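So the structure is just underneath, and the comments pick up after that.
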Amino acid sequence: MASRSLMVALLLAAVAATCARAQLHEKFYSESCPSVEDVVRREMVRALSLAPSLAGPLLRMHFHDCFVRGCDGSVLLDSANKTAEKDAQPNQTLRGFGFVERVKAAVEKACPDTVSCADVLALIARDAVWLSKGPFWEVPLGRRDGSVSISNETDALPPPTANFTVLTQLFAAVNLDAKDLVVLSAGHTIGTSHCFSFSDRLYNFTGMENPSDIDPTLEPQYMMRLKSKCASLNDNTTLVEMDPGSFKTFDTDYFKLVSKRRGLFHSDGALLTDPFTRAYVQRHATGAFKDEFFADFAASMIKMGNANPLTGSQGEIRKKCSVVNH
């Protein structure tokens, strides 16, 4: 009897999730706020013309939102006692919060109390990719904003130090598979990273904390180049391009780097340890299938954006993204 009750509960949960996803659609604001995408894009064009390096962080912020409590804008919430998601260690290097508030204010001016912060962030992420010469996709909309943001729930975020097993487990938790993992990892083609996110590969791979304690899977010349930029494990300020030479352009160069063992993070190198993801990396390292990769990236972004959204009467439409309405 208990097992039957459990099966029914699981089935109802699956149906509820399917219904929630079904309520997201590209024309959700066609009547209530038809100008929303134009408003967001205008702000994005203005911002990236002044600071093109902001594209990577804005894309990353959407990732970090969706992996914790689904895409509900919870990563944007402030906390008086510093216990919100944005206060957790994995989110300490996120940037662009002020810009998101500026975009939300512009949307509020056009359509008060209508468009959620979660949807604004999803549109920002799409335009960050597209304006960096990446793919364009229609974003399913209709998410509502959550009111809960808890720092220790960021354990659900895939860390840059993760191996393939951990990565697949964390992706599966938000209904993403191995193909989504390898495709979305290529978001690292734009943006930069702090040295401390990968410096253990240069100085402390096995815990010995000395210059010879290196990750043997990292290509030697690339490793020496990284060491010239990141002088020690204690470097907490230096930024390094994740895709050297084209870190402001969304392209397939990421796969070329990973295939040559020049992926910046453990998680990048982990893609070579599985036959399926390794084959995908090697195929797209040729640069001959850009359109195919762009279509895959768009599909995986839509799939990630469908992760456990709040819809209908759930949640709220925040007036400011950093605070709940009540």
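Yes or no: region 202-210 includes at least one residue that is open to solvent by 10 Å² or more (accessible area, probe 1.4 Å), in a helix (DSSP H, G or I) and among the small types (Gly, Ala, Ser). Scanning region 202-210, I find no residue that is open to solvent by 10 Å² or more (accessible area, probe 1.4 Å), in a helix (DSSP H, G or I) and among the small types (Gly, Ala, Ser), so the answer is no.
Residues checked against (1) open to solvent by 40 Å² or more (accessible area, probe 1.4 Å); (2) farther than 20 Å from TYR29 by Cα:
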| position | (1), (2) |
| --- | --- |
| PRO90 | yes, yes |
| LEU94 | no, yes |
| SER116 | no, no |
| LEU141 | no, no |
| LEU167 | no, yes |
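Residues that are among the aliphatic types (A, V, I, L, M) and open to solvent by less than 50 Å² (accessible area, probe 1.4 Å) within region 169-197 comprise LEU170, VAL174, LEU176, ALA178, LEU181, VAL182, VAL183, LEU184, ALA186, ILE190, listed in sequence order. Within region 241-265, which residues are under 18 Å from the mean Cα position of the chain (by Cα) and not in a helix (DSSP H, G or I)? Within region 241-265, GLU241, MET242, ASP243, PHE247, LYS248, THR249, PHE250, ASP251, THR252, GLY263, LEU264, PHE265 meet the criteria.
Quick grid of which residues meet (1) under 28 Å from VAL115 (Cβ atoms); (2) not in a loop (DSSP other than H, G, I, E, B):
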{"site": "SER267", "(1), (2)": "no, yes"}
{"site": "PHE276", "(1), (2)": "no, yes"}
{"site": "ALA279", "(1), (2)": "no, yes"}
{"site": "ALA288", "(1), (2)": "no, no"}
{"site": "PHE297", "(1), (2)": "yes, yes"}
{"site": "GLN314", "(1), (2)": "yes, no"}
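Of the candidates PHE97, PHE67, the single residue that is in contact (Cβ under 8 Å) with a residue 60 or more places away in the chain, among the aromatic types (Phe, Trp, Tyr) and either closer than 25 Å to ALA162 by Cα or touching a Phe, Trp or Tyr at 6+ places or on another chain (Cβ under 8 Å) (or both) is PHE67. For region 243-255, does any single residue satisfy the condition of being of a type in the set (Gly, Ala, Ser) and surrounded by fewer than 16 Cβ atoms within 10 Å (Cβ to Cβ)? Looking for residues that are of a type in the set (Gly, Ala, Ser) and surrounded by fewer than 16 Cβ atoms within 10 Å (Cβ to Cβ), one finds at least one in region 243-255, hence yes. For ARG201, the conditions (1) within 26 Å of GLN92 (Cβ to Cβ); (2) under 15 Å from the mean Cα position of the chain (by Cα) are fulfilled apart from (2).
Per this entry, LYS109 is counted among residues that are surrounded by fewer than 24 Cβ atoms within 10 Å (Cβ to Cβ) and either in contact with a Pro (Cβ under 8 Å, 6 or more places away or on another chain) or assigned to a helix (DSSP H, G or I) (or both). Total residues in region 40-66 satisfying the condition of being of a type in the set (Val, Ile, Thr) and open to solvent by 10 Å² or more (accessible area, probe 1.4 Å): the figure is 1. Would you point out the residue of region 70-81, among those that are assigned to a loop (DSSP other than H, G, I, E, B) and touching a Ser or Thr at 6+ places or on another chain (Cβ under 8 Å), that is most open to solvent (accessible area, probe 1.4 Å)? Checked region 70-81; the qualifying residue most open to solvent (accessible area, probe 1.4 Å) is ASP78.
The values are calculated or read from the model by the stated rules, or taken from the named source; none is laboratory data. Because the structure is predicted, anything quoted here is derived from the model rather than measured. A quick note on method: Cβ atoms are made from the backbone with ideal geometry, for glycine too, and the neighbour counts reach across all protein chains shown. All accessible areas refer to the heavy atoms of the entire protein, side chains included, with ligands and DNA or RNA removed. Shrake-Rupley method; radii C 1.70, N 1.55, O 1.52, S 1.80 Å.
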